[in-house]
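Below is one structure, written out as structure tokens, with a few remarks after it.
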Amino acid sequence: MATVLVFLDNPGATLNKSERELLSLAASLGEGTAALASEAGQAYLDGVGSYGVAACHVPADADLGTYLVAGKAAFLAEAVRLSGAQVVLLGNSYEEKEIAARVGVRLNAGVITDVVGLDPDLTATKSDFAGSYTVTCRATTGIAVFTVKPNSYEAAEAGTPEGPRIIPVETALPAAAARITGRVDKPASGRPELSEARVIVAGGRGVEGNFKPLEELADALGGAVGASRAATDAGWIEHSAQVGQTGKTVSPQLYISAGISGAVQQKAGMQTAKVIVAVNKDADSPVFEIADFGIIGDLFTVLPQATEEIRKRRV
Ligand SMILES: Cc1cc2nc3c(=O)[nH]c(=O)nc-3n(C[C@H](O)[C@H](O)[C@H](O)COP(=O)(O)OP(=O)(O)OC[C@H]3O[C@@H](n4cnc5c(N)ncnc54)[C@H](O)[C@@H]3O)c2cc1C
């Protein structure tokens, strides 16, 4: 049975959805083990253990968290060596893709990114060129490294919470590794994280810098606020809100697109949403080609009406 190592880059208070998906995928492929890039609390460790992970590799040097990707890659490569893992799973963030690439070089391992499906025989499915092509591929090396897109694999029910065995890993850090010298916490919006939200209200250039009607609708629905690249590039909302080819891939139950034309690069990040509602004042806008429900109208009229109606029905 293959040993499958899951890299968990930013342990929080408890496991998030994409971490549960990775751990479930690992359990389906073989014997799961984990490597945590920084210290974690007992609730988090119990959560990891509840997916059948018996051992967690952690950095022996608590300072590792202050290094950027080079330090984490050195640690992960060492954890792979110690555990004897043949399969390594990471998330699909830019940082994790870079870590995967560096681990691939260190271990002479094949690396496959943007994975949306992984068969028991390790054949990976990738969605390429903004979802225009579906590609299947396999690593031919002894160790295979995969970065997996969120929402690609259904998280299984967790078992009994049980803290895994902790294995400290001594890492020789590369001399030239860049270090983080300060961190500022982002103020909490109280809204769900974009890639995990069940409802997303996303705005584009048509919002003209005013995201208030979108935030109000998102709050009425308990959802998150997303954006097109035109809106993030304009500085109207932070870059972490960008949905699409070069932003986040989301798969909510409901995606409300407002003032977004529906370019192929935007679609690449949201076309797997269960229900898409588009609000656009141009009846010929391409977004209506993928929308389940289309509203031709001014978003500054349509969204406040929807919010008011939802609030009324909630009372
Ligand atoms: C390599 C590359 C990567 C990219 N990655 C991404 C990505 O990750 N995500 C992404 O989104 N884009 C991405 N883009 C950009 C993409 O090609 C489009 O330029 C962008 O999505 C357009 O954003 P938009 O729909 O908000 O703006 P526009 O295309 O300008 O559309 C604005 C829409 O708003 C409508 N509108 C205007 N006013 C109102 C109103 N009051 N009420 C209702 N509707 C209104 C208009 O009719 C129009 O359809 C990428 C491009 C490249 C080349």
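Name the single residue that is nearest to the chain's Cα centre (by Cα) among those in segment 182-211 being surrounded by 12 or more Cβ atoms within 10 Å (Cβ to Cβ) and farther than 15 Å from Ala241 by Cβ.
Taking the candidates together, the pick is Arg198.
Can you confirm whether Glu96 is within 27 Å of Asn151 (Cβ to Cβ), acidic (Asp, Glu), in contact (Cβ under 8 Å) with a residue 60 or more places away in the chain and out of contact with any Phe, Trp or Tyr (no Cβ under 6 Å at 6 or more places or on another chain)?
It is true that Glu96 is within 27 Å of Asn151 (Cβ to Cβ), acidic (Asp, Glu), in contact (Cβ under 8 Å) with a residue 60 or more places away in the chain and out of contact with any Phe, Trp or Tyr (no Cβ under 6 Å at 6 or more places or on another chain).
A quick yes/no check of all residues on (1) surrounded by fewer than 17 Cβ atoms within 10 Å (Cβ to Cβ); (2) among the β-branched types (Val, Ile, Thr); (3) out of contact with any strand residue (DSSP E or B) (no Cβ under 6 Å at 6 or more places or on another chain):
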{"site": "Gly32", "(1), (2), (3)": "no, no, no"}
{"site": "Val53", "(1), (2), (3)": "no, yes, no"}
{"site": "His57", "(1), (2), (3)": "no, no, no"}
{"site": "Ala62", "(1), (2), (3)": "yes, no, yes"}
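Within segment 59-110, which residues are of a type in the set (Asp, Glu), modelled with pLDDT under 95 and either in contact with a helix residue (DSSP H, G or I) (Cβ under 7 Å, 6 or more places away or on another chain) or assigned to a strand (DSSP E or B) (or both)?
Selection gives Glu95 alone.
Could you tell me which of the residues Thr134, Thr140, Thr113 is in a strand (DSSP E or B), of a type in the set (S, T, N, Q) and over 14 Å from the mean Cα position of the chain (by Cα)?
On inspection, the qualifying residue turns out to be Thr134.
Restricting segment 212-233 to residues that are within 12 Å of the ligand (Cβ to nearest atom) and either aromatic (Phe, Trp, Tyr) or open to solvent by 10 Å² or more (accessible area, probe 1.4 Å) (or both), which is farthest from Gly269 (Cα to Cα)?
Pro213
List the residue pairs whose Cβ atoms are under 9 Å apart, where the first residue sits in segment 187-206 and is under 22 Å from Val279 (Cβ atoms) and away from the ligand (no atom under 16 Å from the Cβ), the second is basic (Lys, Arg) and open to solvent by 60 Å² or more (accessible area, probe 1.4 Å), and the two are 6 or more positions apart or on different chains.
Pro192/Arg198; Ala197/Arg191
Only one of these is among the small types (Gly, Ala, Ser) and farther than 28 Å from Thr307 by Cα: Ala172, Ala202, Ala188. Name it.
Every option except Ala172 fails the conditions.
Would a scan of segment 237-258 turn up a residue that is in contact with a Lys or Arg (Cβ under 8 Å, 6 or more places away or on another chain), at pLDDT 95 or above and assigned to a strand (DSSP E or B)?
There is at least one residue in segment 237-258 that is in contact with a Lys or Arg (Cβ under 8 Å, 6 or more places away or on another chain), at pLDDT 95 or above and assigned to a strand (DSSP E or B).
Out of all the residues in segment 1-26, which are part of a helix (DSSP H, G or I) and either in contact with a strand residue (DSSP E or B) (Cβ under 8 Å, 6 or more places away or on another chain) or among the polar types (S, T, N, Q) (or both)?
Ser18, Glu19, Glu21, Leu22, Leu23, Ser24, Leu25, Ala26
Being modelled with pLDDT under 85 and more than 21 Å from Gly12 (Cβ to Cβ) is the requirement here; does Ala176 meet it?
Here the answer is yes, as Ala176 does meet what is asked.
Considering segment 102-122 alone, what residues qualify as being polar (S, T, N, Q) and surrounded by 12 or more Cβ atoms within 10 Å (Cβ to Cβ)?
Selection gives Thr113 alone.
Tell me which residues, restricted to segment 255-284, are near the ligand (Cβ under 9 Å from one of its atoms), under 22 Å from the mean Cα position of the chain (by Cα) and surrounded by fewer than 24 Cβ atoms within 10 Å (Cβ to Cβ).
Gly262, Ala263, Val264, Gln265, Lys267, Ala268
The values are calculated or read from the model by the stated rules, or taken from the named source; none is laboratory data. Quantities reported herein were computed from a predicted structural model and do not represent experimental measurements. We place every Cβ from the backbone using ideal geometry, glycine too, and count neighbours over all the protein chains shown. Calculation scope for accessible area: heavy atoms of the full protein, side chains included, ligands and nucleic acids excluded. Shrake-Rupley method; radii C 1.70, N 1.55, O 1.52, S 1.80 Å.
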